[in-house]
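What follows is a short report on a single structure.
Laboratory data are not the source of any read-out in this text; all were calculated from the coordinates shown. From a predicted model like this one, the values you see are computed outputs, not experimental measurements. Every residue, glycine as well, gets a Cβ built from its backbone with ideal geometry; the counts of neighbours run over all protein chains shown.
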């Protein structure tokens, strides 16, 4: 965490922020980055977990939901421990869009929750299903992180911190899911307790 604070205080964080904070300069870019911000909100749960469940990958569904849950809790805990103000609350002439202003955000800046969730999912999908799935998920995570800076809501180092938190937690859950027997037994009991969806046959 000290490294991120040093990075921010050096002025490099603000320089990169100013270069990427372009909200309101292009209506097409505005729509693109708002889309990725929305996509990696609560919708990321449905966009990842539901397809995995429908494909019969029930244990993977359980694992990714656990990754997301832990990531949200850890990110929020770090946010309040660090207590970092958002750039739109700190700097002058920050570009924002209606509906995406600092007044709509209830928690501190570091690390970015959107980035931590997006990179947690990308990290999990990469280690579980390899690069064919991981590369698109990683691209979405990068665009999600950029969207938060573009909209003036996060410093670049918030995104970097979120990426580190998300990927680290994804790797941790993947390690536990493969090596810890107790976890595997608990997961199996929970998954087996949920009724299977049966396909209708003509």
Listing 26, 13 from the residue with the fewest other Cβ atoms within 10 Å to the one with the most, what is the order?
-> 26, 13
If you count, for each residue, the other Cβ atoms within 10 Å and average over each peptide, how do 133-144, 113-124, 177-188 line up from highest to lowest?
-> 113-124, 133-144, 177-188
Length gained if residue 22 through residue 91 is fully extended, taking 0.36 nm per residue and subtracting the Cα-Cα distance, is 23.4 nm
Which whole-number percent gives the relative contact order of the chain, counting Cα pairs below 8 Å spaced six or more residues apart?
-> 29 percent
Segment 81-144, relative contact order in percent, only Cα pairs under 8 angstrom and at least six apart counted | 28 percent
Measure nothing fancy, just the Cα-based angle from helix 43-54's long axis to the longest principal axis of the chain, in degrees from 0 to 90, nearest 10.
-> 20 degrees
At q = 0.11 Å⁻¹, what is the base-10 log of I(q)/I(0) for segment 92-202 according to the Debye formula with one equal point scatterer per Cα and no solvent? Please give it to two decimals.
-> -0.51
Which angle between 0 and 90 degrees, to the nearest 10, do you get for helix 58-82 versus the longest principal axis of the chain when only C-alpha atoms count?
-> 30 degrees
In nanometres, the difference between 0.36 nm per residue of separation and the alpha-carbon distance of residue 15 and residue 80 is 20.9 nm
Could you work out the helix-only [θ] at 222 nm for the chain, with each DSSP H run of four or more residues adding -39,500 (n - 2.57) and the total divided by the number of residues, to the nearest 500 deg cm²/dmol?
-> -23500 deg cm²/dmol
Segment 18-122, convex hull of Cα, quarter of hull surface, nm² -> 7.6 nm²
From the coordinates shown, volume of the Cα convex hull per residue in Å³ corresponds to which of [x] 177; [y] 120; [z] 151 | [z]
Could you tell me how many degrees, from 0 to 90 and to the nearest 10, lie between the Cα long axis of helix 131-150 and the main elongation axis, the longest principal axis, of the Cα atoms of the chain?
-> 30 degrees
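Of 146, 54, how do they rank once you tally other Cβ atoms within 10 Å and put the fewest first?
54, 146
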